[in-house]
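Single-structure report; data block below.
The values are calculated or read from the model by the stated rules, or taken from the named source; none is laboratory data. Given the structure is predicted, the values throughout are model-derived calculations rather than measurements. Backbone-built Cβ (ideal geometry, glycine too); neighbour counts: all protein chains shown. These area figures cover heavy atoms from the full protein model, side chains too; ligands, DNA and RNA do not enter into them. Shrake-Rupley method; radii C 1.70, N 1.55, O 1.52, S 1.80 Å.
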Amino acid sequence: MFELFIAMVKEEWRVHSTMFGSLSFALFPFLIFGIAFMGSFLIPVVKRTLPVGNLSIIIHAMYLMLGLMVGGFGMLGNEVMNRRFGQASFLAYSARSLPISERTIFANFVVKDTVYYFFLWVFPFAFGYILAAPFLGIPLSSTLFLLLTLTLSFLFGLCGIFFLSTVFSWSKPVFWAFLLLLGVGFGGIMASGLNPAILFPPLMLHEEFSWWNLGLSCIVLAYLFVVSLWLFNPESVGSEKKHPDLFTPVLGRLSFLPNPPLAAKDAVDLHRSGSLIGQTIFSFVVPLGVIWFFLSLMAQFFPPHALLFLYAVTTGVIASTMYTWVTMFDAFGPYACLPVAVSTLIESKLTTFTILQIIPAVFIAAVSILAGEAAYLVPAVVLGLSVSFYAVGIMAWLCGLSPNVLVYDVKVLFEYLLLVGVVITVFSALSFINPWYALGSVILAVPAWLFIRQAKIRWDAVDPQGF
Amino acid sequence: MTAVIKADNLAKTYGDVQAVKGVSLSVEKGALFGLLGPNGSGKTTMIRMLTGQTRPTSGSASVLGIDVTQDPVGIRARVGIIPEQETPPSFLTAMEYLKFVAAVRQIPEIGKKADWWFDFLDFADKKDVLCKDLSRGTRQKLMFTQAFIHEPELALIDEPLINFDPIMQDLVKDYLAKYVKNGRTIFISTHILEVAEEICSEFAILHKGTLLHTGPVADLKARGEHLPAFFLSLVGKGRHV
Ligand SMILES: Nc1ncnc2c1ncn2[C@@H]1O[C@H](COP(=O)(O)OP(=O)(O)O)[C@@H](O)[C@H]1O
Ligand SMILES: [Mg+2]
């Protein structure tokens with residue numbers, strides 16, 4: 001099956017590199033490497049304010065997150081391919097005509113994702129740290145050891161999300177029961193005054209190496225992977241299931257929007273593909289849950305309201321990626337034979353995006369109340385949403401309808417980080433000074449609007465891409 | 001006679017591939033115009049330029065009097081298009097897709113017309129099935145339907161017969177031949193030469209991005225020549241056929 005694996009890796013590479021040329025894409029790992037290399041020199045500075053233990057918690061948490069995100073994308077990968085390319089165009093689909101079982105194809109798909117994103121993200125980052133180590137007087141053995149534990153963190157995220165998502169599609173009640181159990185477990189540990197993070201196997205391993213722990217981690221990972229494969233239920237293609245007309249009633253209900261047919265199609269898509277719930281759980285609630293957890297570990301270093309606003313800003317940035325939920329399935333292709341301009345489609349995707357912003361709004365409000373900061377609920381929600389709209393404006397301007405693919409273009413990523421980074425730093429700082437200053441973030445609506453206007457002009461002027 | 005399509009030295013380059021190299025042609029109202037050529041000769045690129053889906057690198061063209069670079073959406077509002085490869089959106093049913101197309105094109109009440117098409121192309125049993133679960137042939141039927149459901153004055157159709165069986169090809173061929181009878185125009189790209197010979201009134205042969213020939217099919221027939229043989233004599237030159 002090695003040929004299939006290699007072919008899938010090549011395919012992934014081709015999809016990414018066709019967008020902006022192989023060179024620009026190949027630079028991506030170097031960018032990550034560079035960030036890690038330079039970032040390493042900040043460690044002594046950071047160490048002065050944060051205990052070392054917390055620093056390693058944060059780095060491991062980042063890798064866990066990375067695994068979650070890559071896994072989350074992989075899980076939806078099939079749907080993505082399906083919607084975007086039609087069934088026959090991708091190996092995961094066309095391989096079905098070969099004498100290989102669907103399970104083998106799926107296994108190859110998972111392993112491909114793991115290896116591919118390992119070399120794209122994990123390895124360059126660790127490598128940057130390794131090369132910086134001699135300058136910082138960190139022994140090489142401890143950096144290599146870090147590479148191992150970070151890789152494990154990444155794999156835990158990846159296998160964890162694969163496991164959760166397979167359980168999710170296998171049986172909804174079992175999934176919710178499982179989540180409940182997990183929540184109760186966490187709650188129990190926290191109630192007993194322990195920090196659950198220290199029970200995270202890669203972190204335990206990092207604290208103190210033991211073969212026993214390493215072996216156990218590998219067994220847990222293998223177990224999650226095997227169970228996911230075992231539960232994997234190949235969707236029945238070509239099932240001629242009949243569906244009642246959903247489009248017409250939805251169209252009627254959305255007739256107040258600027259482009260009702262496009263919005264109605266998005267709504268039906270999100271509903272039928274199950275991606276609204278799936279994405280909300282796996283690309284929004286889970287990452288934010290993890291972030292909340294790690295931010296709360298740093299509670300002692302910040303005034304309480306600062307943490308809430310930091311969290312609101314983070315939620316805003318993550319909420320802006322909801323734009324990718326609505327664009328990732330839709331290539332311009334199917335619209336190209338209709339009287340629809342790229343700018344119209346961008347506008348309509350942003351409309352759907354706007355409706356989806358109810359999710360972060362409710363989320364931030366709930367967090368403010370749970371954190372006992374209900375007094376600052378309004379400024380926190382305003383800050384979160386303003387950041388989200390500003391960031392989505394940048395995203396639309398930089399990437400048009402293809403944010404998922406263009407994010408790997410180094411130039412685009414760099415511009416995004418710069419434009420968003422400056423703004424969130426300024427507004428986090430302002431809200432630290434005085435919580436009510438966060439309300440001032442509504443001013444971000446102006447650049448957001450300008451960027452969106454420019455996005456429409458810019459992306460109408462170029463040939464729409466197939467991806 | 002008025003030209004519904006006019007291309008003047010139209011060219012398209014992708015990176016270092018010259019897909020179309022300065023093509024000039026004109027299609028009269030009421031014609032069934034066949035654009036013929038081997039794979040990779042630039043047929044799809046021509047259709048994409050004429051419908052404003054991709055910008056010409058140089059040259060100009062107008063369709064129904066509208067410049068392709070000025071108002072591509074305006075052109076697409078008035079014509080019907082069957083794209084070469086695109087498939088309908090996965091999570092809509094066949095019927096919902098037609099309703100979506102109708103809503104985008106702002107045609108009220110489409111139900112009866114849709115039913116006629118489901119009957120005509122014999123896929124009424126599939127109308128509530130999600131597009132992702134449709135076979136290639138059925139998807140092609142659906143794409144065919146969406147291009148003609150608003151009865152456009154001009155349709156540009158790219159290899160519309162390729163996934164059809166002989167019975168369906170025959171049916172569709174008749175439909176196209178009748179469609180142009182009352183002043184409507186069809187621009188069809190195909191490499192099924194027998195079909196082109198049978199139904200086209202005019203044809204052009206494109207080879208490696210260059211137009212090798214253009215003229216009425218009747219002229220050819222008057223000379224007692226057959227399209228397939230003529231095509232091979234032009235395109236097959238220098239090749240071992
Ligand atoms: N988007 C594209 N990018 C790069 N090359 C392309 C693209 N589309 C078509 N081509 C190239 O242009 C040439 C003509 O293609 P096409 O118009 O599809 O021909 P045909 O439809 O006659 O088979 C081919 O060599 C093809 O590889
Ligand atoms: Mg073609």
Pull up the cross-link candidates among the aspartates and glutamates for A:LYS349, meaning alpha carbon to alpha carbon under 16 Å and not fewer than 8 places away within one chain.
-> A:ASP266, A:ASP269, A:ASP330, A:ASP460
Can you pull the accessible area of A:PHE41 for me, 1.4 Å probe, Å² to the nearest 10?
-> 80 Å²
Against the longest alpha carbon principal axis of chain B, how many degrees, from 0 to 90 and to the nearest 10, is the axis of helix B:136-148 turned?
-> 90 degrees
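In square nanometres and to one decimal, what's the mean projected area of the convex hull around the Cα atoms of the protein assembly as shown?
Working: hull surface 137.3 nm².
Its average projected convex-hull area is 34.3 nm².
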For chains A and B, what's the summed buried accessible area, probe 1.4 Å, to the nearest 100 square angstrom?
-> 3200 Å²
In terms of Cα to Cα distance under 22 Å, which lysines are near enough to A:LYS112, apart from those fewer than 8 places away along the same chain?
-> A:LYS10
Cross-link partners of A:LYS241 among lysines (Cα-Cα below 28 Å; sequence separation of 8 or more within a chain) | A:LYS172, A:LYS265, B:LYS99, B:LYS112, B:LYS113, B:LYS126, B:LYS127, B:LYS132, B:LYS141
Along principal axes, largest first, the alpha-carbon spread of segment B:136-219 in whole Å comes out as 34, 29, 22
Taking every Cα atom in chain B, find the radius of gyration and the maximum pairwise distance Dmax, and write them in Å.
-> 17.8, 55
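For A:VAL226 and A:LYS241 in the same chain, what is the full-extension length gain: residue separation times 0.36 nm, less their Cα-Cα distance, in nm? Walk me through the numbers on the way to the answer.
Working: separation 15, 0.36 × 15 = 5.40 nm, distance 3.03 nm.
Extending this stretch completely gives an extra 2.4 nm.
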Each label sits 7 Å from Cα toward the beta-carbon; between A:ARG453 and A:PHE119 the label points are separated, in nm, by 4.6 nm
